[in-house]
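Report on the structure given below.
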Amino acid sequence: MSDPRNPPSGLRISMTEPIRSFLLSASKDVEVPRELQDLALNLSSQNNLHYKSLRSIWIRSPPSTRPLDLIRLFSGSNFILSSPKPREKSEELKVRLRKLEEMAERNAYAELVKDITPRKNTDEPFSSYKDQIGFGLHVVLIMFTGYLVGYAAFRALFGHSPAMSAAGGILGLVLGMLVETLLFIIRTSETSNPDRRPTTSNTSKLKKNQ
């Protein structure tokens with residue numbers, strides 16, 4: 001039997017006057033079991049009901065009071081389709097979706113401000129150990145070359161004096177170190193301001209066009 005507190009699942013139909021009248025008469029019929037009388041009285045006040053509940057009341061009703069014309073009983077009644085419950089997402093899926101939303105928001109924000117924020121300089125000097133070792137070897141080579149050039153120049157100018165030749169070598173070493181320092185400053189300024197060169201080339205192109 002159907003329990004009003006635990007209604008059956010399945011097809012639901014809308015309430016009509018013939019169905020309501022049948023339920024009211026069944027709720028007062030002494031030949032109908034007491035549980036079904038209470039169920040019929042409860043269903044008669046609702047706007048829709050389960051087909052199984054109506055069928056169980058109709059079956060247990062006496063044939064003399066039972067409506068014989070089922071077509072007239074269900075005339076005007078419509079099927080009520082209930083939407084399925086939404087599928088619950090797992091916690092792992094929720095966390096993943098939240099991360100994807102945050103990533104999409106960051107990408108959208110970066111796309112909006114890419115023309116406003118300054119570009120990050122990726123060509124920094126000494127960005128790797130290879131560059132550092134290469135720069136150190138280059139400095140040593142320049143200083144050694146400057147020493148040899150200064151030593152040879154002072155030896156040719158002042159004869160074979162060891163003191164003057166050593167002084168010339170030291171002077172050449174210092175000059176080589178100064179030249180390397182100047183070149184390093186020039187390279188650093190070009191790397192830290194990459195927008196200057198395109199501006200200069202664009203200015204020269206405009207002058208040529210004029």
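The values are calculated or read from the model by the stated rules, or taken from the named source; none is laboratory data. In this text the structure is predicted, and so the values were computed from the model without any measurement. So basically every Cβ, Gly included, is an ideal-geometry build from the backbone, and we count neighbours across all protein chains shown. For accessibility, only protein heavy atoms count, side chains too; no ligands or nucleic acids. Shrake-Rupley method; radii C 1.70, N 1.55, O 1.52, S 1.80 Å.
Annotations for the structure displayed:
- Residues satisfying the stated conditions in segment 136-154, i.e. open to solvent by 60 Å² or more (accessible area, probe 1.4 Å) and at pLDDT below 80: His138
- Helices (runs of 4 or more DSSP H) lying entirely in segment 24-76 (those with 2 or more residues that are surrounded by fewer than 18 Cβ atoms within 10 Å (Cβ to Cβ) and under 53 Å from the mean Cα position of the chain (by Cα)): 51-60
- With respect to being more than 30 Å from Leu173 (Cα to Cα), at pLDDT 75 or above, of a type in the set (Asp, Glu) and open to solvent by less than 100 Å² (accessible area, probe 1.4 Å), Glu102 fits the description.
- Residue in segment 165-179 that is nearest to the chain's Cα centre (by Cα), counting only those that are open to solvent by less than 70 Å² (accessible area, probe 1.4 Å) and of a type outside the set (Ser, Thr, Tyr): Gly176
- Being at pLDDT 75 or above, surrounded by 13 or more Cβ atoms within 10 Å (Cβ to Cβ) and assigned to a helix (DSSP H, G or I) is a description that does not apply to Leu182.
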